[in-house]
Structures are given as C-alpha cells and as structure tokens.
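Scroll down for the structure; my scribbles are underneath it.
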Amino acid sequence: MHLSFWRDLLQLLEGSLSRDAIRLWLSPLTPLLISDDKLVLEVPNCIHERIVRQRYLDAMRRAAHALSGKTLLIDFVLVSGGQTAPEPQPTRLPSMARQRKPSYLATLNPNYTFQNFVIGSCNRGPCSAALSAARKPGKKHNPLFITGGVGLGKTHLLQAIGAQTLAEGTHSFICIPSDRLMDVLMEAFKNREIASVRSRLSSVHILLIDDIHSLSGKNQIQEEFFTIFTALCQKRGQIVITSDRPPREIPRLHQRLVSRFEAGSVMQLTPPTLKTRILIIERKARLLGLALPPRIIMLLASRIRTNIRRMEGALNRIAAHATLSGSIPDEEGVEQLLQDGLFDGEEHSVTIRAIQQKVADHFQIKIGTLLGHERRGQIVFPRQIAMYLCRKLISSPYADIGAAFSGRDHTTAIHSHRTIEELLPSNTEARETVDALITAIRS
Ligand code: ADP
Ligand code: MG
C-alpha cells in the first residue's frame, strides 16, 4: 500500500471529524506499518490509545475501507514499547512527515452531503444520477459528467458522492480536483512512479474528479488520464467528473476523451428558479440559526440569481450583522449590507444589445434579421426569446424593449414575454434553450 495512505486517511477524516479531534488525537499517531491488510500506529500513551479506540476507531476503519476497498486491521503500539509489536514485525517506514508527496484526496467538506442539497428542477437530474453513482457505482451513469456555471453545486454533488460512500462503507473512492491530479501525475512522472499511481487511481470503486476543464491543453496529463480512465472502466469502476462546460466545449481536450465522456451521462446544472432559490436560502438560514422574515428571503432570492455561493456570502454577512447588532437588518439594511458586489450586477453589466447578439448567435441568424420584420417562425421565435430575456434578465421596461427591436411598441414586448413564459413549463426544448442562453449571457 502506498506510503501516503495515512495522510490520505487523515485528510478523509477531516470530512467527518472536527479539526480539534484530528489535531489532538490523530495527528500525533505515527504509522509504523501499512500493509495490505493492516495499519499499525504508534501512540504516545495508553490513555491516548484508549480515547482513540473509543472515539475514533470506527471512523478510521470506515475511512480506511473507503480508501483501500479492504477491511484493514488497525492496531496500536505504545511509544515506550509498553506492548510488544504485533506480528508481522513492523517495518519502520522512512519518516512520512518528510516525504511531501502530493496527496490524492480532496478534503471532503462536511456540509457537502446529499441531505444538505436542495433539489429543484435545475438540479434534479444530476442529483439523482450522482446518488445512483454513489449507491450502485458503475451501473447506470458511467461516466457521469456534471456541468454547470460557477457556484451551482458541482463540487457539492461530487463530494456528496464521497460522503455517501464513506458513510455506507461498502466501496472505496478517491476524490481529487483536476489541478491536484495534475500535480500528482507530474510528480509521478518525475519520480518514475507512474505505474503505481496509475494502479492506485484505477483500482478504486469510484473516482471523483473535480473541474476537469483545468486539463485543457495539458496533453501528457490527458493521455495519462485516458489510460487511467480506460483501466477503471474495464473494471467497471464508476467515474464522476465535473466541468464548467460540456465536454465538447472544453478547449483543447483530446477528442477521444470528449467521446468517452459523451458516451456516458452528461448532466447540466442550471441556475435555480426563484422557488428553489427561496428553498436554498431558507435552508441555509436555518443552518445558520437565522430567523429571516419572508420579505428578506424574497429580496435575497430575487436579487441573487445565478450563484448559490453568493447566497451563502449574503447570509453570512446578515448573520454577522445580527450577532453584532442583536437584530436582523430590514430590507434597506440588507441592501446596504450587500452593496459591494454580492447582489447580481446584471442590471448594470448586461445590455439589451448584448442579449440580442447572444440570441442571434445562438440561432445563427443575423442581428438585423432578428430585429427586423420578417414573420417566419424561425425568426419570430428567437425574437420573442430575446425580448423575454431582456425582461427577465435586466427587467427593462417593456417600452424600452419594444423600442430596441426596430421601434416596436410596448404591447409587442409584453406579448412576446407572455408567449415564452407560457411556453416554458410545457416545452423542455425551449426551456433548455433559454437556460443555455442565460448561462451564455451571464458568463
Ligand atoms: P461549483 O463547484 O459548481 O462552483 P459549489 O458546489 O462549490 O459550486 O457550490 C457553491 C455553494 O453553493 C456551496 O457552498 C454549496 O453547498 C452551495 N450549493 C450549491 N447548490 C446547492 C443546493 N442545491 N442546495 C444547497 N446548497 C447548494
Ligand atoms: Mg467547484
């Protein structure tokens, strides 16, 4: 087993134990022996040993299983030799602290669980696929490729698979961000250890890779990743990958990786609807112990639309304010508190012109045609979508929207807005088009 196993184990435990627990009780242990079926740790004294056994042994066993896929025997030896070392005689490992090998694991954020993930139409598909990847790895969505803009929950879902796997204790997994994967592979090439790293990464039940778009243009790494990917697939291992865009839109990504990714399930996270935003804000406020009045929840949900991380930032600020002043700020107070950039700034940065251009590009028509008076369905539909988006994204007055479309009047803008709004609930294709356009316009 690899020497960095103990460090990986500690890192994994950071997801389920407190920092203090790790610092006080687990970090002082020194691994003496790590074999395929055994982990022997040196403990400073017998009280320390008792506490670790009572409080942390179960969690350590589960984590060791998650990492190695095996049930390891975990044993302890006293520093002063108060107990004979168990058989087989432990080989003292070279000081692990000095070996600064890059670790394989992302620390799992303890909040990133399925229980804490609010489900709405924007994320139902990806969430249920992620759950099935955790429960029945390699069976249905393989590879599972989750895409979506910043702050929409990609990392949360990926780590939730890790957390679920850890809790169930039946499968092994590795969770690693792509830039870390890159470091690990580069280091392995340098130290001629690529075979062992490859075998480690492709021998788990579930491999979770965050932000694969970072591998853009990294030829050698992509080739190595392809080898690992293929080896893992042959063993029916589950692979889950996240990216800020769909496979074929990642620049300079090898075509064979693109086709492998597309052969599985590509699932898109889209910006949450107002209803989901309200639910998320309510849930997060509750976690922070904040009793927010509905008007404040509504204010936040209507002003922060595209990035859930920003909602958390806003709530943290409100919570800090409430602690300091002893009360929840009113609407005006919240506006002031969040003035510097937490509210979505689209009102100022996105223009009607920019929306018209994106829509024209999307439907591959000239902007003049989009704004003109042609009444063919292929033109009328994009035109209505463009007007709808002007209202939805920048709340432009209908009169301004009409005027920007070759001097039409406000009734045309109202009609277009209403037509699309009524179409969306029943028409998946239109909904996907609108979502894709919103993402493109905001990016
Ligand atoms: P990404 O990786 O897509 O940039 P993250 O997964 O880091 O986004 O999510 C940003 C923040 O928003 C995290 O704190 C995450 O917990 C939270 N979040 C995202 N989606 C949801 C959701 N559906 N329910 C609850 N919290 C969410
Ligand atoms: Mg992320």
Problem - Selected residue [touching a helix residue (DSSP H, G or I) at 6+ places or on another chain (Cβ under 8 Å), under 14 Å from I239 (Cα atoms) and away from ligand 1 (no atom under 12 Å from the Cβ)] from S172, S214, S196 - result: S172
Fill in the blank from the handout: Taking region 364-378 and keeping only residues that are polar (S, T, N, Q) and either on the phi < 0 side of the Ramachandran plot or in contact with a Phe, Trp or Tyr (Cβ under 8 Å, 6 or more places away or on another chain) (or both), one is left with T369, Q378
Practice task
Spot the failing condition for L158; the list is (1) under 15 Å from the mean Cα position of the chain (by Cα); (2) more than 16 Å from ligand 2 (Cβ to nearest atom), and only one is missed.
Solution key: (2)
Handout entry: Selection count where residues are hydroxyl-bearing (S, T, Y) and either touching a His at 6+ places or on another chain (Cβ under 6 Å) or assigned by TED's automatic domain parsing to the domain that holds R310 (or both), scope region 235-269
Key = 2
Exercise for the section: Exactly one condition in (1) more than 13 Å from A59 (Cβ to Cβ); (2) surrounded by 18 or more Cβ atoms within 10 Å (Cβ to Cβ) is not met by L24; state its number. Expected result: (2)
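Quick grid of which residues meet (1) crowded, with 23+ Cβ neighbours inside 10 Å; (2) within 13 Å of ligand 1 (Cβ to nearest atom); (3) modelled with pLDDT of 95 or more; (4) more than 22 Å from G15 (Cβ to Cβ):
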{"residue": "N111", "(1), (2), (3), (4)": "no, yes, no, no"}
{"residue": "F114", "(1), (2), (3), (4)": "no, yes, yes, no"}
{"residue": "S121", "(1), (2), (3), (4)": "no, yes, no, yes"}
{"residue": "K139", "(1), (2), (3), (4)": "no, no, no, yes"}
{"residue": "P143", "(1), (2), (3), (4)": "yes, no, yes, yes"}
{"residue": "L158", "(1), (2), (3), (4)": "yes, yes, yes, no"}
Problem - Members of region 225-265 that are within 16 Å of ligand 2 (Cβ to nearest atom), closer than 19 Å to Q159 by Cα and hydrophobic (A, V, I, L, M, F, W, C) - result: V240, I241
Fill in the blank from the handout: Given (1) surrounded by fewer than 22 Cβ atoms within 10 Å (Cβ to Cβ); (2) within 16 Å of ligand 2 (Cβ to nearest atom); (3) under 28 Å from H65 (Cα atoms), I212 misses just (1)
Practice task
Kindly indicate whether any position in region 268-276 is aliphatic (A, V, I, L, M), within 16 Å of ligand 1 (Cβ to nearest atom) and over 17 Å from the mean Cα position of the chain (by Cα).
Solution key: yes
Completion exercise
Expected output for region 192-203 (first residue free of Cβ contacts under 8 Å to residues at least 40 places away in the same chain, partner surrounded by fewer than 20 Cβ atoms within 10 Å (Cβ to Cβ), Cβ below 6 Å, 6+ apart or cross-chain) is S202/A231
Problem - Subset tally (residues that are under 20 Å from E312 (Cα atoms) and more than 12 Å from ligand 2 (Cβ to nearest atom)) for region 128-155 - result: 0
Completion exercise
Restricting region 82-109 to residues that are touching a strand residue (DSSP E or B) at 6+ places or on another chain (Cβ under 7 Å) and modelled with pLDDT under 50, the one surrounded by the most Cβ atoms within 10 Å (Cβ to Cβ) turns out to be P90
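The values are calculated or read from the model by the stated rules, or taken from the named source; none is laboratory data. This is a predicted model, so every value here is computed, not measured. Methodologically, a virtual Cβ is constructed for each residue, glycine included, from the backbone with ideal geometry; neighbour enumeration extends over all protein chains shown.
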